[in-house]
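The values are calculated or read from the model by the stated rules, or taken from the named source; none is laboratory data. Remember, it's a predicted structure, so these values are computed and weren't measured experimentally. No Cβ is skipped: glycine too gets one built from the backbone with ideal geometry, and neighbour counts run over all protein chains shown. Ligands, DNA and RNA are stripped out before the accessible areas are found, and what is left, the full protein with its side chains, is counted by its heavy atoms. Shrake-Rupley method; radii C 1.70, N 1.55, O 1.52, S 1.80 Å.
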Amino acid sequence: MARRRLLALAFQLLRRAPAPPATQPWRRATLRFLSSAASGPLDRLKTPPFARPGARNPASSPWDRFGGGQKRTMFIQTQSTPNPQSLMFYPGKPVMEVGSSDFPNARTARTSPLAKALFAIDGVTRVFFGSDFVTVTKSEETSWDYLKPEVFAAIMDFYSSGQPLFLDSNTAAAMDTTIHEDDSEIVAMIKELLETRIRPAVQDDGGDIEYRGFDPDTGIVKLKMQGACSGCPSSSVTLKSGIENMLMHYVPEVKAVEQELDGDEEAELAGAGQME
């Protein structure tokens, strides 16, 4: 009986004593086996070659090329126009606070950093700013599949840069329909109709109209088509069937509406006619 008590006491002391260092090969092998067995078969899948590849480093995102690792949060929507060569881009932020601005060529875009950046894209032929959208017109041989990502990047770069839309605030907006004290009653009515009835409808299609004058002797109203409406196949229909009919209905003194072109646009049309 005393012998059994001594053996039990010795066994308890051995259990409480710290484990000896695994200096012997058989001890190391035993400890490795017990360690792997205790970890369970599922834990072994966490070690190579079964380990899943580590999470992708956010710094390796392709968006990091635009802004040093900070992802963009801007969401730009697009909308088609009656002109297949023009597309409206909605940045989700105000563009023009008042009026609109048209850039028929790169030379006229020097006063606007955004317009200048858009014209730097190969294939862009015209840029137009509306209240909350930017209309970009392309050449016929350029594909929108190529152009849209470039336009997206240019718009995002502009809004993240904090630059003003115009370098010269005096050229920010055309006030062509502002009614002046020396305007006749007929001209005031024409401007009011253009601003309140006609302009909103034209801007919905990504363009605009600019009032250029009224000849009381002939009854002809001169307008300039801008944005997507310029060069659009249906612009003549819009001008005659829509604008002309409305002005003639409300202002009997108006006999016709004609489109006025700038020198650069007349040269482009003449060149296109010769090519045909």
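Matching residues to (1) open to solvent by less than 20 Å² (accessible area, probe 1.4 Å); (2) touching a residue at least 40 places away in the same chain (Cβ under 8 Å); (3) aliphatic (A, V, I, L, M):
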{"residue": "Pro104", "(1), (2), (3)": "no, yes, no"}
{"residue": "Thr108", "(1), (2), (3)": "no, no, no"}
{"residue": "Lys116", "(1), (2), (3)": "no, no, no"}
{"residue": "Val127", "(1), (2), (3)": "yes, no, yes"}
{"residue": "Ser131", "(1), (2), (3)": "no, yes, no"}
{"residue": "Glu141", "(1), (2), (3)": "no, no, no"}
{"residue": "Glu150", "(1), (2), (3)": "no, no, no"}
{"residue": "Ala154", "(1), (2), (3)": "yes, yes, yes"}
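Considering the stretch 93-102 alone, what residues qualify as being at pLDDT 90 or above and open to solvent by 20 Å² or more (accessible area, probe 1.4 Å)? Once the filter is applied, which keeps residues that are at pLDDT 90 or above and open to solvent by 20 Å² or more (accessible area, probe 1.4 Å), the stretch 93-102 yields Lys93, Pro94.
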